[in-house]
Every structure is written in structure tokens, then in C-alpha cells.
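The values are calculated or read from the model by the stated rules, or taken from the named source; none is laboratory data. No experiment lies behind these values; they were computed from the predicted model shown. Positions of Cβ are generated from backbone atoms using ideal geometry, with glycine treated the same way; all protein chains shown enter the neighbour counts. Note: areas computed on protein heavy atoms with side chains; ligands, DNA, RNA excluded. Shrake-Rupley method; radii C 1.70, N 1.55, O 1.52, S 1.80 Å.
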Amino acid sequence: TNLKMWLGFETSSIDGNKQITPDKSGNNNVGKLFTGKALDFNGAGNYVDVSGFSMSGSVSTFAFWINSNDTLGRIIDINPNRFIISFNSNQLSLYDGSWKNFGTISTNVWNRCVIVTNSTSAKCYVNGVQLGVEKTITAINIGSATDAIIGANSVHNQSFFDGEMSDFQIYNSAWTTDDIAYDYANPN
């Protein structure tokens, strides 16, 4: 329940002169692809533009598979109010006005990452296990998002992600630890 966007990246299609990937949530939040293949980011200009995506409230779950080839790069960057999930020096991090580092994750291997925000707190899970400690954050508000980019910085068109992403999902509800364990144990 409460699924707002689900970009599975299994398929893409051409709409006019744009390559798009459908939103499997049924909410019509399609992503415009700026990459030769969905989810194969080369760190030098590939990204997915999901501008116009918004949701209300300060509770969310971001879930995705990631296989990073580098120690840096944006996973998602939502503007204004700059809400960012990023890979910084091998650390999975969240930005809400200042950087909150959850902890180190391995490069060149697939990891299931889940970040849950609940008003003024955020937790990160990697492969079903909590990474680091709960962080105090500014309550997110992406209800008025004008730019949303997967794989790059939405403002400066830099900090490109180098690696692969799959099964990117955003919920406007907070997953429980049971939800996270089920998700990791049942990847399909």
C-alpha cells in the first residue's frame, strides 16, 4: 500500500523523441531515460529524469538495488529543498541540508538498500540489516519538487553515478523491519 512510484526498468519505450520507462505503481510517474540502457550508469552523463515527481508528507521509503563501480555519485537528488541519497566515499548518505552518513557499503557487488524516513528520523538498511544508527533529519517535504534526478545532481548536472541500479521504488509510508526483511528475502 501507499506505493507512489516504481521504476522496475524491465522495459522502456519511445514516446516521441524520448526514451521512457513506465511507472509500475499505476501513478503515471514515468522516467525519461538519458542512458543507452536503463540502470547502466557510466559516471559521465547518464541519468534518469523523473522531474515532476512529488509526494506529500514526511514519511517515506526509498528502496533500490545498487552495484557501484565508484565511491561517489548521486542515487537520487530531489529539488527544491534538496533531499539527496548519495554514495560518498563508500558511505551511503542522505542530505537534508547537511550530510548524514549511514556507513560503508562495498563497491562492485549488488546491495539492496532501503532508506526509511519517519518525520525527523532516518534509518538505512543494506541487505536487510540496519547500517549505522538512526539519524536525526529535517522532515522531508518533496510535495513541491520541481527537479528529480536518479543518477546525477539535479542542480549542477554533475556527481554522476557510476554503476548499476535496479528495482527503484519510492513509498509514502515507512517500512517496518519485517517489511525490509521480506523485501530482501523475496527480491522478485
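Of note:
- Highest-first arrangement of 125-131, 138-144, where packing means the average Cβ count within 10 Å: 125-131, 138-144
- For region 103-188, with +1 on Lys and Arg beta carbons and -1 on Asp and Glu, the positive-most of Asn186, Val129, Gly163 along the dipole: Val129
- Full extension of the chain between Thr11 and Ser121 yields a length gain of 36.2 nm, computed as 0.36 nm times the residue separation minus the alpha carbon distance.
- Site pair Ser106 and Gln130 shows an inter-label distance of 2.3 nm when each label is modelled 7 Å from Cα along Cα→Cβ.
- Spatially near lysine pairs across region 1-100, Cα under 15 Å, sequence gap of 8 or more or different chains: 4
- With a Förster radius of 22 Å applied to the beta-carbon distance between Thr1 and Trp99, the computed FRET efficiency rounds to 0.10.
- MRE, 222 nm, helices only [DSSP H, n ≥ 4, -39500 (n - 2.57), over the chain, to nearest 500]: -1500 deg cm²/dmol
- The chain: C-alpha gyration tensor shape, a/c 1.5 cut-off, then a/b vs b/c: rounded
- Near Asp147, the amide H atoms lying under 5 Å from its own belong to Gly52, Asn79; only residues 5 or more places off or on other chains count, and H is placed 1.01 Å from N.
- For the chain, carbon and sulfur atoms together expose 44% of the accessible surface, with a 1.4 angstrom probe and every protein chain in place.
- Estimated distance in nm for a label pair at Asn27 and Ser144, the labels positioned 7 Å out from Cα along Cα-to-Cβ: 1.9
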